[in-house]
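The values are calculated or read from the model by the stated rules, or taken from the named source; none is laboratory data. If you're wondering where the values come from, they're calculated on a predicted model, not measured in any experiment. Note that each Cβ is placed from the backbone with ideal geometry, even for glycine, and that neighbours are counted across all protein chains shown.
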Amino acid sequence: MRNIFLMTGGLVAAACSGDPVRIKALTGFPCDEEGLAKGVSACYAGILDDQLIVAGGCNFPGLPPRLGGAKKYYDGIYAARRGEDTLVWKRIGTLPFPAAYGVSVTTPEGIVCIGGNNAEGQLDTVFRISLQDGEADFTPLPSLPAGIDNFTGAYAGRRIFIAGGAYGGKASRKALYLDLDKLAEGWQGLPDFPGPRRTQPVSALFEKGGQYSFYLWGGFAGATDGDPVTLSVDGLKYETASGRWTPVAGPSDRDGVAVSLGGGAAAVLDGGKVVATGGVDKDIFYNALIQLPEGYFEHEPAWYRFGCNILVYDPALDRWTVVARTPETARAGAALVGDGRTFANICGELMPGVRSPQITLLEF
């Protein structure tokens with residue numbers, strides 16, 4: 001089945017120096033699988049042959065979780081040609097199993113999908129999706145040392161770095177990398193990052209002269225192994241040249257108030273900067289982690305205050321800037337993929353348990 005993806009909405013210019021960001025709200029989402037049209041969170045996504053690829057993800061297609069609704073995981077892989085006002089979606093394949101909450105990165109050879117979970121539990125599988133005659137083709141890659149979900153990852157040079165998440169079922173401080181030119185070596189360990197454990201952080205990776213700089217922001221963790229509940233608003237950087245983690249600036253809003261990127265998304269812009277969207281509200285979500293208040297799932301979406309800032313980080317200055325504010329990207333569990341100048345902010349939660357089929361284009 002083919003699904004029409006219509007472009008609507010206006011354009012919003014950045015209210016700061018530098019290139020503007022234009023925001024285009026889109027409507028429509030694939031509907032081949034029952035329940036999928038309601039949108040998903042935590043899907044795999046990337047770009048192949050100038051097509052936007054979306055795969056997997058999960059939602060509550062029936063009753064909401066507060067009424068005992070069951071979470072559903074999806075396995076369809078869909079493609080739509082980018083750069084058209086009306087995009088036509090086509091199902092191009094099926095994942096090996098329904099899955100969500102993993103990491104996906106676009107490489108020259110294809111989209112690498114890493115870990116995640118489904119109704120059966122955590123996943124340690126890693127595979128690459130490429131296109132053969134317009135259909136999805138799979139190549140297995142070295143498995144993770146354990147099942148990992150709700151983590152972050154990024155690609156640069158010839159390496160994929162991942163960090164945080166639930167590692168073997170527990171929130172972690174772990175970080176790993178895979179060298180795509182040395183697959184026989186499998187996943188290699190990095191030093192654990194300092195400070196609190198982090199699930200659902202965001203990250204970015206840069207390579208220069210064979211050395212890598214891996215940035216990590218946000219995240220949260222429930223009480224684990226005697227550690228208290230935490231919600232992180234700071235940042236860390238790991239450099240292969242020194243083999244050390246060091247602090248970097250965390251994001252803040254235009255009033256200088258710290259912003260949580262936990263549950264948000266990040267990607268690298270042309271010119272070596274980082275764009276980040278979405279995330280949970282640090283105060284509301286932290287309090288819910290400590291003790292879920294009565295009626296927590298019964299509010300309107302605006303009450304949860306998911307992050308509506310579009311933020312840009314400059315590594316050279318170690319500084320964040322808010323370049324725009326829009327409700328179109330106020331999501332948790334969205335995917336953010338692009339080519340350095342144009343990005344698709346894909347689905348995610350409007351509020352706990354309620355997904356959105358919205359895809360929003362950000363053009364820098």
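Quick notes on this structure:
- Among (1) surrounded by fewer than 22 Cβ atoms within 10 Å (Cβ to Cβ); (2) touching a strand residue (DSSP E or B) at 6+ places or on another chain (Cβ under 9 Å); (3) at pLDDT below 95, the one test that G68 misses: (2)
- Odd one out for R173 among (1) outside any strand (DSSP E or B); (2) in contact (Cβ under 8 Å) with a residue 60 or more places away in the chain: (2)
- For region 238-270, a residue qualifies if it is within 23 Å of K208 (Cα to Cα) and free of Cβ contacts under 8 Å to residues at least 60 places away in the same chain, and the qualifying residues are E239, T240, A241, S242, G243, R244, W245, T246, P247.
- Condition broken by G62, with the remaining ones in (1) over 24 Å from G338 (Cβ atoms); (2) not in a loop (DSSP other than H, G, I, E, B) satisfied: (2)
- The criterion of at least 1 residues that are touching a His at 6+ places or on another chain (Cβ under 9 Å) and without any contact (Cβ under 8 Å) to a residue 60 or more places away in the chain is met by the following strands (runs of 3 or more DSSP E) wholly inside region 295-357: 349-351.
- Tabulated pairs, region 153-169, first surrounded by fewer than 19 Cβ atoms within 10 Å (Cβ to Cβ), second in a strand (DSSP E or B), C-beta under 7 angstrom, 6+ apart or interchain: A156/L205; A156/F206; A156/E207; A156/Y212; G157/E207; G157/Y212; R158/D179; G169/Q122
- Residues that are touching a Phe, Trp or Tyr at 6+ places or on another chain (Cβ under 8 Å), outside any strand (DSSP E or B) and over 24 Å from A334 (Cα atoms), drawn from region 235-288: T240
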